[in-house]
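Just below is one structure, and these are the notes that go with it.
The values are calculated or read from the model by the stated rules, or taken from the named source; none is laboratory data. The model shown is predicted, which means the values in this text are computed figures rather than measured ones. Cβ sites come from the backbone with ideal geometry, for glycine too, and all protein chains shown count toward neighbours.
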Amino acid sequence: MKALKTAQRVADEHERQRAEALGARERRVKECETKLQELENYEANYAREFARRARDGMGGAGLREFQTFLARLGEAVQQQREIVRRARAERDSDLTVWQHAAQRAEMVDRVVKRREREELQAQDRKEQRESDERAQRRPARNLDVST
């Protein structure tokens, strides 16, 4: 039983560690998504500003600078989207690992509980047998004393 309890502690600890890792991955996904949203908002605002200035009239050099920066901003958004995609994939992978660890921990818990139940039932049967034996000996002694 001691080995089962040790296995139970190890499985529970492994499951807890996997849950913590999953939580960290989830936080990373949220951070990456937030950064992506910020970049997309900045890009949209910059594009609006570019359109406004182009309407109002701007020189060729200013136009090229805006376009160059807007292109770089678009690349940054694409890179951040890729970072978000990878972060989500890592999170999904950690979710699968945690689910397996949780299933193993649950399985070990069930084995331990079943073993504890079996040991308790065996102890109950032993105590009942001993009680029955004592009960059978008592009347026999009473008969011997009275004859």
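Can you spot a residue in region 86-98 that is of a type in the set (A, V, I, L, M, F, W, C) and modelled with pLDDT under 90? Checked against the condition, which is being of a type in the set (A, V, I, L, M, F, W, C) and modelled with pLDDT under 90, region 86-98 yields no hits at all. When you scan region 38-56, do you find a residue that is surrounded by 12 or more Cβ atoms within 10 Å (Cβ to Cβ), farther than 23 Å from residue 75 by Cα and more than 37 Å from the chain's Cα centre (by Cα), even just one? Scanning region 38-56, I find no residue that is surrounded by 12 or more Cβ atoms within 10 Å (Cβ to Cβ), farther than 23 Å from residue 75 by Cα and more than 37 Å from the chain's Cα centre (by Cα), so the answer is no. Residues of region 1-56 that are more than 29 Å from residue 97 (Cα to Cα) and in contact (Cβ under 8 Å) with a residue 24 or more places away in the chain: 39, 40, 42, 43, 46. Here residue 83 passes the criteria (1) exposed (fewer than 14 other Cβ atoms within 10 Å of the Cβ); (2) modelled with pLDDT of 90 or more except the one numbered (1).
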